[in-house]
């Protein structure tokens, strides 16, 4: 990586603006220890909370962030372009949050036309829903119930402004992972929906899911990138199927990560997941 190649306007360290199931803040040091020695441009096609991006955005030339979660991508672009209006709307949500039924009133507002209003709704729901769990029904409607929080940080103005600064150096798109076009010397970090390891594994945050066929499609795409001189790292569950499809052409490391999705607190324990690399 190339150190200090940008003049950063904000002294605040940006961090993910929503809690994201499968987010990588808990294993960020494991990721940082395994990065390529040199990175030109950075690609993250399943960006989610973007924990790794926020750690390295100012050490690479440019970042390309993408996802197939429309609400998420709209929100990234809103924070990049209209943070002040977003902060105003989040402040209103924070003020009204204690009203009885307010959460479910906002949750019922599907398909808002104003992208800033939609982004404020998205952040508000993610900050106040059960376990920060993004879940939709078959009609692609957000349906997670309200969580139990005494004082949720609905409007984190300081971090939103820090994220705005970081996103100045990023291109953000709604697209499938196969649409990225990295070149030799670039680095791609894939953090797809994990392959399930048990019946209670939560690996589906889009109504379409991510099947074994999709996992294999990702593996094949990664192999094509590697042929072009691109460095690739992939996170996934420590599942037999995943190990089997990657063991021939990749280096695999097991890392311990806390589990926070289970509704039963006694089952929220560390589990193993794997990091897959070609370098």
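FYI, it's all coordinate maths here, none of it is from the lab. Predicted model only: the values in this text are computed from it and were never measured. Here Cβ is always computed from backbone atoms with ideal geometry, including for glycine, and neighbour counts include all displayed protein chains.
Nearest-5 percent of antiparallel DSSP beta bridges in the chain?
50 percent
Pick from 119, 256, 235: which residue has the top mean-square fluctuation in a GNM of the chain where Cα pairs under 10 Å get a spring?
256
Please arrange 246, 124, 174 by how many other C-beta atoms lie within 10 Å of their C-beta, fewest to most.
Values: 246 22, 124 25, 174 15.
The fewest-first ordering by Cβ neighbours comes to 174, 246, 124.
Using a cut-off of under 13 Å, list every residue of the stretch 97-133 whose amide N is near the label point 7 Å from the Cα of residue 139 along the Cα-to-beta-carbon line.
108-111
Give the relative contact order (percent, whole number) for the chain; include only Cα pairs under 8 Å separated by 6+ residues.
Result for the chain is 21 percent.
Which of 247, 15 comes first, and how do the rest follow, when ranked by fewest Cβ neighbours within 10 Å?
Result, fewest neighbours first: 247, 15.
Order these by the 10 Å Cβ neighbour count, fewest first: 167, 112.
With the fewest neighbours first, 167, 112 line up as 112, 167.
Which one of 150, 94, 173 has the biggest mean-square fluctuation once the chain is modelled by GNM with Cα springs under 10 Å?
Most flexible of the set in this elastic network: 150.
Name the most mobile residue of 216, 78, 128, meaning the one with the largest mean-square fluctuation, in a Gaussian network model of the chain with Cα contacts below 10 Å.
216
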